[in-house]
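Asker: Below: one structure in structure tokens.
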Protein chains: 2
Amino acid sequence: MNSTMEKLKERIKDKKYKLTTQRQTILQAFIDAEENHLSAEDVYGLVKQVAPEIGLATIYRTLDLFTELDLLKRLDFGDGRNRYELNDEEFAHFHHHLICVKCNEVSEFEDDMLETLESIIAKKLNFHTIDHQLKVYGYCSKCQEKMKAAGEPIGPTHHA
Amino acid sequence: MNSTMEKLKERIKDKKYKLTTQRQTILQAFIDAEENHLSAEDVYGLVKQVAPEIGLATIYRTLDLFTELDLLKRLDFGDGRNRYELNDEEFAHFHHHLICVKCNEVSEFEDDMLETLESIIAKKLNFHTIDHQLKVYGYCSKCQEKMKAAGEPIGPTHHA
DNA sequence: ATGTTTGCAAAATTTTTGCATGCAC
DNA sequence: GTGCATGCAAAAATTTTGCAAACAT
């Protein structure tokens, strides 16, 4: 049983959108994809293998729709295009990104300590949080090793 | 004494770039600006008032340069264009953004509890953090009031 | 049947690049 | 003087839109 696809059907029905093959195919691409940070062009490439007649505009419109339906989450890693990942609700809220400033690899980590931060924000600033996104920039372990081997100092920490 | 402009001069000299009037004018625009999340087009508009002959390409090249020099920080609020803010070192690391999903207002808040998170990341994942960016999405107090007045329920919290 | 969704092509928007001229060093 | 930086215009890249045809309900 594939709960993500069920969610699509449910939410499509709820909001009176239509369950088209394109929409199912696009969601399936995300489910099957190796990589989980896909750009519109990436999705286009994947979906074209299964449904070659699809148009790029449909990809864009569908990514927008899925984001609205909270099936996908829109990401930006500063590479000049939007990227999307499956929004696995229970999970996603504690799921953040580590971006290596050297090799640009994006990895993920889980943490729930930001919950505490959110309640502070709610109290102090009267802001009702529904989601957050944390990007941490730095050097991944591979790059740290490479730099150590090359005798390069590890860059400024900006920690004052 | 304006330390930001001093920093520009120092870093430009360090890296053997040239201190041009355009570069100074662009930085001054950030120092003087009311709004502190400026897009290339915003900067272009501001600088043109002082130096009408400037080209938009210069703005782009300069924003890139300043980001490289750590004078500016590149931001993305999902509105389809890059935005930049002064990178006030001692300060910036604890400085995050609250984005209202209703009115798109971006406000700021300070917090240093992410320091702790960084040391956890360093230990657990062997990732050497140099910076982080936190975006918190939700409803600002104004929108909460409006919604309350209108009898609308405040949207899903996604907090499981 | 009807109104939504699609694919295509064209447009819009943001950003980048090539090149001759100008300016900081 | 030399070479980096600028302004302009053109190009590139990403995303959006208009429209007739196709499809889900």
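The values are calculated or read from the model by the stated rules, or taken from the named source; none is laboratory data. Model, not experiment: these values are computed from the prediction. Counting neighbours? That spans all protein chains shown, and the Cβs are built from the backbone with ideal geometry, glycine included. Accessible surface areas use protein heavy atoms only, side chains included; no ligands, DNA or RNA. Shrake-Rupley method; radii C 1.70, N 1.55, O 1.52, S 1.80 Å.
Asker: Looking at chain B, what % of its DSSP beta bridges pair antiparallel, to the nearest 5?
Answerer: 75
Asker: Using DSSP to define loop residues, name the GluC sites (Glu not before Pro) in the stretch A:8-40 whose beta-carbon has at most 13 other beta-carbon atoms within 10 Å.
Answerer: A:Glu34, A:Glu35
Asker: Could you derive backbone 3J(HN,Hα) for the stretch B:134-145 from the dihedral phi with the Karplus parameters 6.51, -1.76 and 1.60 (θ = phi - 60°), listing whole Hz in sequence and x where the residue is Gly or Pro?
Answerer: Residue by residue, the stretch B:134-145 yields 10, 10, 10, 9, x, 10, 6, 4, 4, 5, 4, 5 Hz.
Asker: Whose amide H sits under 5 Å from the amide H of B:His95, counting only residues 5 or more places off or on another chain, with H placed in the peptide plane?
Answerer: B:Asp111
Asker: Related question: List the pair-distance distribution P(r) of chain B, using every Cα-Cα distance, as the percent of pairs falling in each 10 Å bin from 0 up to the bin containing the longest distance, rounded to whole percents.
Answerer: Going out from 0 Å in 10 Å bins, chain B shows 9, 30, 31, 20, 9, 1, 0 percent.
Asker: Suppose every K and R has +1 on its Cβ and every D and E has -1 on its Cβ; what is the size of the dipole of the stretch B:95-160 about the Cα centre, in Debye to the nearest 20?
Answerer: It works out to roughly 360 debye.
Asker: Using a probe radius of 1.4 Å on protein heavy atoms only, what is the accessible area buried between chains B and A, both sides summed, to the nearest 100 Å²?
Answerer: 4100
Asker: State in Å² the accessible area per residue of chain A; use a 1.4 Å probe, count heavy atoms of protein chains only, and round to the nearest integer.
Answerer: Value for chain A: 54 Å² per residue.
Asker: May I pose another question? In terms of Cα to Cα distance under 18 Å, which aspartates and glutamates are near enough to A:Lys7, apart from those fewer than 8 places away along the same chain?
Answerer: Candidates past the 8-residue exclusion: A:Asp32, A:Asp64, A:Glu68, A:Asp70, A:Glu85, A:Asp88, A:Glu89, A:Glu90.
Asker: Under 29 Å from the Cα of A:Lys9, which lysines turn up, not counting those fewer than eight places away in the same chain?
Answerer: In chain and number order, the partners are A:Lys18, A:Lys48, A:Lys73, B:Lys102.
Asker: Could you go through the stretch A:104-118 in sequence order and give the Karplus-derived ³J(HN,Hα) for each residue, using 6.51 cos²θ - 1.76 cosθ + 1.60 with θ = phi - 60°, rounded to whole Hz, and x for Gly and Pro?
Answerer: With the stated coefficients, the stretch A:104-118 comes to 6, 4, 10, 10, 10, 8, 10, 6, 10, 5, 6, 3, 4, 4, 5 Hz.
Asker: Mind checking the stretch A:1-77 for chymotrypsin sites (Phe, Trp or Tyr not before Pro) that DSSP puts in a loop (not H, G, I, E or B) and that have at most 14 other Cβ atoms within 10 Å?
Answerer: A:Tyr17
Asker: For peptide A:142-148, how many partner chain Cβ atoms fall within 10 Å of a residue's Cβ, on average?
Answerer: Details: counts 1, 2, 3, 1, 0, 1, 0.
The shielding value for this peptide is 1.
Asker: If you roll a 1.4 angstrom probe over the protein chains with everything in place, what fraction of the accessible area of the protein assembly as shown belongs to carbon and sulfur, to the nearest %? Show your work: numbers first, answer last.
Answerer: Working: 8950 of 17420 Å².
For the protein assembly as shown, the apolar C and S fraction of the accessible surface comes to 51 percent.
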